[in-house]
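Here's the structure we're looking at; comments come further down.
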Amino acid sequence: MAKICPLFSGSQGNSYYISSAGNGILIDAGRSAKQIENALAANQIDIDTIRAIFVTHEHTDHIQGLRVFSSRHKIKVYASYDTMHTLEQMGVVNEKVDGNEIDSRGVAIDGMLIKPFATSHDCIGSVGYTVEMSNGVKVALATDTGIITDEIRRAITGCSAVILESNHDIGMLMNGAYPYQLKRRILSDCGHLSNDACSKLLPELVESGATRFILAHLSRDNNIPMIAENSALYELAQCGMKKNRDFTLMVAPPETCGESVII
Ligand SMILES: [Zn+2]
Ligand SMILES: [Zn+2]
């Protein structure tokens with residue numbers, strides 16, 4: 001059994017708890033340490049079960065509480081070589097004390113094998129992660145990526161549960177109030193994944209064994225949870241796949257803590 005709890009998701013902050021058999025990890029710590037502690041408590045998650053924090057990249061919405069939370073609870077931090085270097089320069093992580101670089105071979109921690117894969121984002125060394133439990137259940141997280149690269153597709157294919165970015169509705173973004181340059185950045189290959197791009201990937205993930213989806217990192221300004229969900233359900237229905245029969249689907253709420261998904 002594995003448990004996935006989206007503590008925070010979206011441009012205001014990201015943090016996910018993933019656990020199996022009493023051992024867990026956090027992916028990202030993008031709210032204040034206090035907010036993360038409160039979210040864990042609200043979900044009856046014991047902080048002592050967190051064996052490590054894995055960081056996807058150095059943008060504030062992924063590391064805001066990292067320094068305080070990791071040092072207060074003495075939890076090791078893992079990130080790609082480039083991200084770790086940046087975090088060290090930013091003074092967020094003291095690499096010699098609590099920082100660990102992770103490469104494509106991954107790292108095994110208390111019955112979980114965590115492996116990074118490169119994402120296509122506007123910073124060097126950004127990654128997503130797969131977490132494989134000792135019973136074979138595999139969970140993937142892929143957010144903050146402008147496109148689904150072959151590497152991402154390979155990494156998340158075959159996972160039972162996938163946390164996938166569904167950042168924006170293209171029409172809302174194009175017609176919204178963001179400055180032109182920001183719109184271009186979000187829409188670029190190194191930006192964020194649209195509802196359309198996310199939705200189009202889901203049927204093949206179901207065919208490869210995925211049964212749980214969490215749509216994540218929704219834009220507060222350029223998306224609405226119901227639009228993201230309907231877009232995903234439409235594409236899945238086109239392939240004859242039905243919610244709660246072939247898969248479950250949850251939208252990680254942008255402002256509050258999401259429900260846990262058990263697999
Ligand atoms: Zn980012
Ligand atoms: Zn982000």
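Remark on Arg31: its backbone amide H falls under 5 Å from those of Asn14, Gln64, Gly65, a criterion applied only to residues 5 or more positions apart or on other chains, H modelled at 1.01 Å from N.
What the phi angles of the stretch 178-183 give under the Karplus curve with 6.51, -1.76 and 1.60, with θ = phi - 60°, is a coupling list of 5, x, 3, 4, 5, 4 Hz, glycine and proline written as x. Remark on the stretch 1-109: ratio of C-alpha radius of gyration to 2.2 N^0.38 Å is 0.98. Within the chain, the proportion of C-alpha pairs whose separation exceeds 33 Å stands at 13%. When shorter helices are ignored and each DSSP H run of at least 4 residues is given -39500 (n - 2.57), the per-residue value for the chain at 222 nm works out to -8500 deg cm²/dmol. The ellipsoid equivalent to the alpha-carbon distribution of the stretch 38-188 has semi-axes of 27, 20, 16 angstrom, derived from the gyration tensor eigenvalues as √(5λ) and listed largest first.
No value in this document is a laboratory result; all are computed from the given coordinates. The model shown is predicted, which means the values in this text are computed figures rather than measured ones.
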